[in-house]
Structure formats: structure tokens, C-alpha cells
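The values are calculated or read from the model by the stated rules, or taken from the named source; none is laboratory data. As the structure is a prediction and not an experimental result, all values here were calculated from the model. Note that each Cβ is placed from the backbone with ideal geometry, even for glycine, and that neighbours are counted across all protein chains shown.
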Amino acid sequence: MAVVPHGLIILAGPAGVGKSTLCDRLVAEAPQFERVVTATTRPPRPNEVNGRDYHFLSEAEFDLRQQAGEFLEWACVHRKYRYGTLKSAVLGRLPETNLVMNIDVQGVRSIRAAAAQIPLLQRCLVTIFIAPDSLDVLRERLEGRGPLPAEELARRMQSAELELADRFSYDYIIHSSTKEQDFRALLDYWAQAQARLGGT
Ligand SMILES: Nc1ncnc2c1ncn2[C@@H]1O[C@H](COP(=O)(O)OP(=O)(O)OP(=O)(O)O)[C@@H](O)[C@H]1O
């Protein structure tokens with residue numbers, strides 16, 4: 001029987017659209033999926049475990065690994081902490097398991113650029129954009145998670161419009177509906193992607 005190579009699903013889309021919800025459910029219900037463990041200079045919270053929740057790096061370690069070209073992508077969030085995806089966190093796990101991660105559209109662009117130089121990554125990459133039905137629906141989901149300062153909400157909504165413009169560069173688009181339908185769409189797209197990964 002032919003062995004289908006593992007895949008890396010990248011879920012992207014505007015803040016609040018439902019990326020984490022889908023990612024969490026995929027990892028919980030599809031045992032052959034692991035979440036990519038990303039790196040951060042943010043200090044661990046009391047319940048967080050190094051290597052499970054994040055690879056917690058000091059500023060100096062992050063610098064060194066950045067200079068050594070060990071990141072697929074990285075970004076500084078709110079000019080405070082750096083977050084990034086180490087090549088080893090993806091390429092080291094792909095021989096064992098399928099991977100899923102959620103990331104912003106800028107991160108996807110960086111990963112695509114890195115994948116152009118890394119044939120294994122290029123072969124296994126499956127990009128899925130989650131698009132809200134409308135900007136009003138997105139606003140409702142953002143507000144539904146808890147109070148958000150008006151300025152922050154406006155900033156996220158403005159970014160969302162720019163991010164949505166990227167959606168046609170993705171392998172698949174999930175037009176977000178109910179949580180259940182979004183998850184079904186994700187599984188359908190994964191089945192299609194697997195056929196492609198397996199070369200059938
Ligand atoms: N299909 C859906 N229908 C209705 N509500 C949803 C749906 N998917 C997710 N939600 C809700 O919308 C809110 C935002 O979802 P989630 O945190 O998964 O978004 P996200 O894209 O990961 O956001 P961020 O980029 O900020 O991390 C949550 O309250 C979640 O329960």
C-alpha cells in the first residue's frame with residue numbers, strides 16, 4: 001500500500017474568524033494531527049509547559065536562532081515579544097505526524113517564501129483561508145469573545161479587510177458558517193489535499 005506523506009495544514013484568516021476553534025478540534029478529534037509548537041520570548045504563564053505550549057526562548061536565544069536562519073517565520077507582537085516558527089518544530093515532526101498551525105496572513109507569506117527553498121515543506125504545505133460571511137459576522141465573533149477596547153476592535157476590523165484580499169492565494173477557502181459546517185469543510189479539504197499529497 002502506498003504511504004501518503006504527512007501534511008502541514010496552515011489555517012489563516014482575520015483575528016476572531018475561528019482559526020483556533022478549528023485547530024483545537026482537529027487536534028482533539030483527528031489523532032494523526034499535532035499542533036506546531038511555536039517559539040516565543042514571552043515568559044511562560046504558570047500552567048504552560050516548555051515544548052508543549054511554546055518553545056520559550058530568552059531574547060538572546062531568539063536572536064541567535066534568528067541569526068542562524070532557524071526560523072521559517074517570526075514577528076514581533078505589539079513591539080514587545082517575538083513569536084516565531086522554528087524550522088525544527090515543523091521539519092522535525094513531519095516524518096512522524098500531520099501538523100496544523102494557525103497564523104496570520106503575513107506569517108503565511110513568510111512560510112511560503114521559506115518553502116520555496118525547502119522541497120519537503122513545499123510538498124506538504126496545505127494552506128486554508130477562513131473567510132467570514134461578512135465583516136459584521138467577524139465583528140460579532142470578536143466581540144463575543146469578551147470586551148475589547150473600541151480602538152483595538154477598529155484596528156482588527158481594518159486589518160481584516162486587508163487580510164481578506166489575500167484569500168485567493170490559498171489552496172482552499174472555508175466560507176465560515178456554523179462551527180460544525182466549518183469543521184466538515186476542513187475535513188473535506190484535508191481529504192482532497194491528502195489525495196494530492198499522495199500523488200493520486
Ligand atoms: N463557525 C463559527 N460560528 C460562530 N462562532 C464561531 C465560529 N467559529 C468560531 N467562533 C467563535 O468566534 C470566536 C473567535 O474564534 P477563535 O478564537 O477560534 O478565532 P481565531 O481566528 O483563532 O482568533 P485569533 O486570530 O484572535 O486568535 C470564539 O468565541 C469562537 O467560539
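Mind listing whichever residues of the range 22-39 are out of contact with any Gly (no Cβ under 8 Å at 6 or more places or on another chain) and of a type outside the set (A, V, I, L, M, F, W, C)?
Of the residues in the range 22-39, the ones out of contact with any Gly (no Cβ under 8 Å at 6 or more places or on another chain) are 22-36.
Across the range 22-39, the qualifying residues are Asp24, Arg25, Glu29, Pro31, Gln32, Glu34, Arg35.
Here Asn102 meets each of (1) in contact with a Cys (Cβ under 6 Å, 6 or more places away or on another chain); (2) on the phi > 0 side of the Ramachandran plot with one exception, condition (2).
Find the residue count for the range 180-191, including only residues that are surrounded by fewer than 12 Cβ atoms within 10 Å (Cβ to Cβ) and over 14 Å from Asn98 (Cβ atoms). Even if it seems obvious, please write down each step before you answer.
Step one: filter the range 180-191 for residues surrounded by fewer than 12 Cβ atoms within 10 Å (Cβ to Cβ), giving 180, 191.
Still in the running and over 14 Å from Asn98 (Cβ atoms): 180.
Summing the residues that are surrounded by fewer than 12 Cβ atoms within 10 Å (Cβ to Cβ) and over 14 Å from Asn98 (Cβ atoms) in the range 180-191 gives 1.
Remark: pairs (first residue in the range 156-168, closer than 16 Å to Val137 by Cβ and in the same structural domain as Asp136 (by TED's automatic domain parsing); second residue modelled with pLDDT of 95 or more and among the polar types (S, T, N, Q); Cβ separation under 8 Å; 6+ apart in sequence or on different chains) are absent.
If the requirement is being touching a residue at least 40 places away in the same chain (Cβ under 8 Å) and in contact with a Phe, Trp or Tyr (Cβ under 9 Å, 6 or more places away or on another chain), which of these qualifies: Ala193, Ala131?
Step by step, each of Ala193, Ala131 is checked, and only Ala193 is touching a residue at least 40 places away in the same chain (Cβ under 8 Å) and in contact with a Phe, Trp or Tyr (Cβ under 9 Å, 6 or more places away or on another chain).
Scanning the range 109-129 for any residue that is buried (at least 20 other Cβ atoms within 10 Å of the Cβ) and over 22 Å from Gln192 (Cβ atoms) turns up nothing. Selection of the range 129-170 for residues being hydrophobic (A, V, I, L, M, F, W, C) and away from the ligand (no atom under 12 Å from the Cβ) yields Leu135, Ala150, Ala154, Met157, Leu162, Leu164, Ala165, Phe168.
Please verify whether the range 50-68 includes one or more residues that are within 18 Å of the chain's Cα centre (by Cα) and on the phi > 0 side of the Ramachandran plot. Within the range 50-68 (the criterion being within 18 Å of the chain's Cα centre (by Cα) and on the phi > 0 side of the Ramachandran plot), the answer is yes, since at least one residue qualifies. When every residue of the range 39-59 is checked against the conditions, none turns out to be within 16 Å of the ligand (Cβ to nearest atom) and in contact with a helix residue (DSSP H, G or I) (Cβ under 8 Å, 6 or more places away or on another chain). Examine the range 79-101 for a residue that is among the charged types (D, E, K, R) and within 16 Å of the ligand (Cβ to nearest atom), and state whether such a residue exists. No, because not a single residue in the range 79-101 is among the charged types (D, E, K, R) and within 16 Å of the ligand (Cβ to nearest atom).
Where strands (runs of 3 or more DSSP E) fall entirely within the range 9-91, those with at least 3 residues that are surrounded by fewer than 17 Cβ atoms within 10 Å (Cβ to Cβ) are at 71-77.
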